[in-house]
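Working notes, structure below.
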Amino acid sequence: MKRREALQALAASPLPFVPNHWPAAQPAPASYKFPPGFAFGFSTSAYQIEGAVSEDGRTQGIWDVFCHTGHHIQDGRNADVTCDHYHLMPGDVALMARSGVPNYRFSVSWPRLYPELSGPPNKRGFAFYDRLLDELQAKNITPWLCLYHWDLPQYLQERGGWTNRDTAYRLAEFCDKVSRHFGGRIGNIMVLNEAAVHSYIGHGLGFHAPGLTGKANWVSALHHLNLGQGLSIQALRASAPHARIGTVASCEPVRPSTHSPEDVKAAALLDAMWNGAVLDPLFKGKYPALVAADFEPYCKPGDLRECQQKIDLLGVNYYNRLHIKYDPHYAMGVMFGADNDKVKYRAMNIPMSPDGLYEIVMRIHNDYGQPEMFISENGFATVKDGKPGSGLEDDGRLAYLAANLQFLQKSIDDGANVTGYFIWSIMDNFEWDAGMKYRFGVVDVDFKTLQRTPKQSYYWYSALVKAQRGVQV
Ligand code: FCB
């Protein structure tokens, strides 16, 4: 039996690791009381899980180039194979189905669907997502599509990528064509993932693909992402009239690293760029006063009218509060700094603060007209230390997720219109510039054998979701 067949067989066999208790400190899964119909799900993105980067006609995206040039990835890895989800997809869907978690947010790979500039659609690329949708449908899992999760085709990067205004129009064209293909099969369509992170980390700091730095690249990329998002929402209203249309933003409270006036100013600036310059154009048709002048060189008359669109729901990705310091060496003089919070959880050496989820959800609720939101990503990274079972008994993740869900429930009790919660991620995967060093999955992936093994958090989340749905566990 070939390795792939063996893995598929394994996915169909009883799950190997079943803990019989949760750490005592955790709230019982049945103690949560989310509203009926609340959507629990898992999130992934194409580049982080698919692999098969040069199969079936796919061409290079910016992350392929970034991984294979220079030393950008902390552990020297790449995503050529990663979870090999492209081949192992049915087993992965089966894992989701067995957890009882009924929603799945995934993204499509632009260079797989349109491998060439002005070329025809790649039938084999589309066929993969058709198979995924078939598989989800067979297992009663609702698909939530995210059209752009950072994997821009390299042919567009060669024309300037997001620093080129034209890319905004290319995104809208892509969204239009892809949604026409999938027709009525997908009820929830998100345009893009985290304009703030993609523009700042990828175009301002250079830690992510395409590795550009400086204020001009950062600001122009962000404006063009906002414009592309607005144009895409309009295109989707015509091409997917029955779908709920939205987008996904990374929303995090920002704190100064110290009380120095420089850090306080830097934190306000980053807050305006990270939260304000993404949500204000979308909901209010303007940029925050603090940074509006910075966008003027790129913002043509009428652009803000295109950016401001009515959406059906906003995806909020929340991980942790950001701590910002003044540092003149970086774009706009801002940089991630030390935190002085006394926090209980750390992941990737970053403080994790579940109460920050409550803070940001209430802020969006109050400042942006009480929009419907769902938490499109929330998760916790661990480092596998090699000890047997060390990847599987993930008390830290479990405790963190449990606490986030408590704060989320509090925000709903206090009036926020939050209708869903998706864990990042169903399985360990390629964590961008961190490679495979940090693992966010509730299912462990052995990147040598590709074997999947559920962690304790998978069983806990499964029990919670089943209890909320009234399923006996
Ligand atoms: C988010 C990204 C997602 C994943 C998590 C850990 O910023 O949207 O792809 O890497 O972080």
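The values are calculated or read from the model by the stated rules, or taken from the named source; none is laboratory data. Bear in mind that the values here come from a model prediction, so they are computed numbers and not experimental data. Every residue, glycine among them, receives a Cβ derived from its backbone with ideal geometry; neighbour counts consider all protein chains shown.
Annotation note: Cβ proximity below 7 Å between a residue of the range 24-53 that is more than 15 Å from residue 462 (Cα to Cα) and away from the ligand (no atom under 16 Å from the Cβ) and a residue that is charged (D, E, K, R) and in a helix (DSSP H, G or I) (sequence gap 6+ or interchain) occurs for 53/64.
Does residue 93 meet the test of being part of a loop (DSSP other than H, G, I, E, B), at pLDDT 95 or above and among the β-branched types (Val, Ile, Thr)?
Details: part of a loop (DSSP other than H, G, I, E, B): no; at pLDDT 95 or above: yes; among the β-branched types (Val, Ile, Thr): yes.
Considered against the rule, which asks whether it is part of a loop (DSSP other than H, G, I, E, B), at pLDDT 95 or above and among the β-branched types (Val, Ile, Thr), residue 93 comes out as no.
What number of residues within the range 27-65 satisfy the criterion of being surrounded by 14 or more Cβ atoms within 10 Å (Cβ to Cβ) and among the small types (Gly, Ala, Ser)? Residues in the range 27-65 being surrounded by 14 or more Cβ atoms within 10 Å (Cβ to Cβ) and among the small types (Gly, Ala, Ser): 9 in total. In the range 183-206 there is at least one residue matching the filter, namely being closer than 29 Å to residue 132 by Cα, at pLDDT below 95 and part of a helix (DSSP H, G or I). For the range 286-296, the criterion of a residue being crowded, with 21+ Cβ neighbours inside 10 Å, modelled with pLDDT of 95 or more, touching a strand residue (DSSP E or B) at 6+ places or on another chain (Cβ under 7 Å) and charged (D, E, K, R) is satisfied by no position. Listed by position, the strands (runs of 3 or more DSSP E) contained in the range 267-341 that have at least 2 residues being under 25 Å from residue 423 (Cα atoms) and in contact with a Cys (Cβ under 9 Å, 6 or more places away or on another chain) are 313-317. Restricting 221, 240, 209, 235 to residues that are hydrophobic (A, V, I, L, M, F, W, C), buried (at least 23 other Cβ atoms within 10 Å of the Cβ) and over 27 Å from residue 431 (Cα atoms) narrows the list to 240.
Of all residues assigned to the range 163-184, none qualifies as being under 25 Å from residue 247 (Cβ atoms), touching a residue at least 24 places away in the same chain (Cβ under 8 Å), crowded, with 19+ Cβ neighbours inside 10 Å and touching a Lys or Arg at 6+ places or on another chain (Cβ under 6 Å).
So that you can scan it fast, the table gives a plain yes or no per residue for (1) within 16 Å of the ligand (Cβ to nearest atom); (2) among the aromatic types (Phe, Trp, Tyr); (3) touching a residue at least 40 places away in the same chain (Cβ under 8 Å); (4) not in a loop (DSSP other than H, G, I, E, B):
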{"position": "364", "(1), (2), (3), (4)": "no, no, yes, yes"}
{"position": "370", "(1), (2), (3), (4)": "no, no, yes, no"}
{"position": "375", "(1), (2), (3), (4)": "yes, no, yes, yes"}
{"position": "392", "(1), (2), (3), (4)": "no, no, yes, no"}
{"position": "405", "(1), (2), (3), (4)": "no, no, yes, yes"}
{"position": "412", "(1), (2), (3), (4)": "no, no, yes, yes"}
{"position": "415", "(1), (2), (3), (4)": "no, no, yes, no"}
{"position": "419", "(1), (2), (3), (4)": "no, no, yes, yes"}
{"position": "422", "(1), (2), (3), (4)": "yes, yes, yes, yes"}
